[in-house]
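Undergrad: Handing you a structure now.
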Amino acid sequence: QIILGLVLMSIAQGRCGWLMHEGGHYSLTGNITVDRGLQIVLYGVGCGMSGSWWRIQHNKHHAMPQKLGHDVDLNTLPLVAFTEKVAKKCGVAQKTWIRLQSVMFPMITTLLVALGWQYYLHIRHIIRAKNWPELGSIIVRHVIWTALVTTHFGLWHSVLLFLAYDWLASNSYSLDVVPKEDTKVDWVRYAGVYTMNVHPGPLKFISWWMAFLNFQIEHHLYPSMPQYRHPIISPRVKALFEKHGLKYDQRSYGEAMAATFRNLHKVGNDVFLG
């Protein structure tokens, strides 16, 4: 029962993360004030994080996805490196960690990233910005956890359960990067060549769980489009790509995760041996 509860709560936190993403793009209801309020609740109560911090970072990502020096989502050191180009000046200890990143990523790194965001980066931003509604939503999250979990299992078991829950809810995948000095990659190729879609899967579960953000190509082409419309326009985008000789990259969730781990392993070896 405990394991089932952790899995269900992790799915719920993941859903909050995907839904708050649409709120942050102001395409959840189409009303900016409502969408921003929903994002504060979904991200604060659901994930323990700051929507305003996310919007600042995510807008930079959408301007130039996967471009070194511009896409802040590539600034992942010291915990992980998705390309060897960001780890050129690492010391021996850092290189050793990076070499093991394909193993450490699912076991430790995702949890450390989540905790670093929840209890350092996002809290620091909230306090600096004096964004008290966001702080309040995070406090509500911990009050709910204390009332439902800590009072039943005790403090230390509650902490262990929280760490397991946080770990299960953290996942990611990645693709190739655009060199910092590049001036030729256009907007369509940023979306098409440097992102990929994940197949909806059986009963379209992946589309439900990811709130249609498994259609990453369509999302990067039209970031303000309501996400449920992505599968509707997908055939037209695919036809456009085929017409102009661009690859429309769609993989299963397993294939996407396998590609991520192959890349982590390759980058780890390149950084350590290079």
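Undergrad: Would you be able to tell me the number of residues in region 4-36 that are open to solvent by less than 40 Å² (accessible area, probe 1.4 Å) and in contact (Cβ under 8 Å) with a residue 12 or more places away in the chain? Walk me through how you get there before you give the answer.
TA: Here is the first cut: in region 4-36, the ones open to solvent by less than 40 Å² (accessible area, probe 1.4 Å) are 5-6, 10, 13-14, 16-17, 20-25, 27, 35.
Pick out the ones that are also in contact (Cβ under 8 Å) with a residue 12 or more places away in the chain and you get 6, 10, 13-14, 16-17, 20-25, 27, 35.
Looking only at that region, the number is 14.
Undergrad: State whether one or more residues within region 54-72 are touching a Ser or Thr at 6+ places or on another chain (Cβ under 9 Å) and without any contact (Cβ under 8 Å) to a residue 40 or more places away in the chain.
TA: no
Undergrad: Sticking with this structure for a sec: Kindly check whether there is at least one residue in region 188-199 that is at pLDDT below 85, open to solvent by less than 70 Å² (accessible area, probe 1.4 Å) and farther than 24 Å from G17 by Cβ.
TA: The answer is yes, given that some residue of region 188-199 is at pLDDT below 85, open to solvent by less than 70 Å² (accessible area, probe 1.4 Å) and farther than 24 Å from G17 by Cβ.
Undergrad: Here is a follow-up. What's the number of the only condition in (1) outside any helix (DSSP H, G or I); (2) open to solvent by 30 Å² or more (accessible area, probe 1.4 Å) that N59 fails to meet?
TA: Of (1) outside any helix (DSSP H, G or I); (2) open to solvent by 30 Å² or more (accessible area, probe 1.4 Å), only one is false for N59: (1).
Undergrad: Can L246 be described as assigned to a loop (DSSP other than H, G, I, E, B) and not acidic (D, E)? I'd like the intermediate steps shown before the answer.
TA: Values: assigned to a loop (DSSP other than H, G, I, E, B): yes; not acidic (D, E): yes.
So L246 passes the test.
Undergrad: Look at N59 and say whether it is farther than 24 Å from I206 by Cα, of a type outside the set (A, V, I, L, M, F, W, C) and under 14 Å from the mean Cα position of the chain (by Cα).
TA: For N59, the condition - farther than 24 Å from I206 by Cα, of a type outside the set (A, V, I, L, M, F, W, C) and under 14 Å from the mean Cα position of the chain (by Cα) - is met.
Undergrad: Can you tell me how many residues within region 73-105 are free of Cβ contacts under 8 Å to residues at least 12 places away in the same chain, open to solvent by 50 Å² or more (accessible area, probe 1.4 Å) and of a type outside the set (A, V, I, L, M)?
TA: The qualifying residues number 3.
Undergrad: Among what's in region 188-209 and is without any contact (Cβ under 8 Å) to a residue 12 or more places away in the chain and under 21 Å from the mean Cα position of the chain (by Cα), pick the residue that is nearest to A12 (Cα to Cα).
TA: Within region 188-209, the first condition is being without any contact (Cβ under 8 Å) to a residue 12 or more places away in the chain, and the residues that meet it are 202-205, 208.
So of that shortlist, the ones also under 21 Å from the mean Cα position of the chain (by Cα) come out as 204-205, 208.
Details: K204: 17, F205: 14, W208: 12 Å.
Here the answer is W208.
Undergrad: Scan region 37-44 and tell me whether some residue there is closer than 25 Å to S207 by Cβ, of a type in the set (S, T, N, Q) and crowded, with 17+ Cβ neighbours inside 10 Å.
TA: There is at least one residue in region 37-44 that is closer than 25 Å to S207 by Cβ, of a type in the set (S, T, N, Q) and crowded, with 17+ Cβ neighbours inside 10 Å.
Undergrad: Anything in region 62-72 that is open to solvent by 30 Å² or more (accessible area, probe 1.4 Å) and under 19 Å from Y222 (Cβ atoms)? List them, or say none.
TA: Result: A63, M64.
Undergrad: I would also like to ask the following. Given the criteria part of a loop (DSSP other than H, G, I, E, B), over 25 Å from N59 (Cβ atoms) and either out of contact with any strand residue (DSSP E or B) (no Cβ under 8 Å at 6 or more places or on another chain) or charged (D, E, K, R) (or both), does P223 qualify? Spell out the reasoning first.
TA: Numbers: part of a loop (DSSP other than H, G, I, E, B): yes; over 25 Å from N59 (Cβ atoms): no; either out of contact with any strand residue (DSSP E or B) (no Cβ under 8 Å at 6 or more places or on another chain) or charged (D, E, K, R) (or both): yes.
Considered against the rule, which asks whether it is part of a loop (DSSP other than H, G, I, E, B), over 25 Å from N59 (Cβ atoms) and either out of contact with any strand residue (DSSP E or B) (no Cβ under 8 Å at 6 or more places or on another chain) or charged (D, E, K, R) (or both), P223 comes out as no.
Undergrad: Moving on to the next point. The conditions are (1) outside any loop (DSSP other than H, G, I, E, B); (2) closer than 17 Å to T260 by Cβ, and K204 fails exactly one of them. Which is it?
TA: (2)
Undergrad: Return the total of residues in region 216-259 being open to solvent by less than 10 Å² (accessible area, probe 1.4 Å) and either within 13 Å of V198 (Cα to Cα) or without any contact (Cβ under 8 Å) to a residue 12 or more places away in the chain (or both).
TA: 5
The values are calculated or read from the model by the stated rules, or taken from the named source; none is laboratory data. Quantities reported herein were computed from a predicted structural model and do not represent experimental measurements. Every residue, glycine as well, gets a Cβ built from its backbone with ideal geometry; the counts of neighbours run over all protein chains shown. Just so you know, the surface numbers come from the protein's heavy atoms only, side chains and all, with ligands and any DNA or RNA stripped out. Shrake-Rupley method; radii C 1.70, N 1.55, O 1.52, S 1.80 Å.
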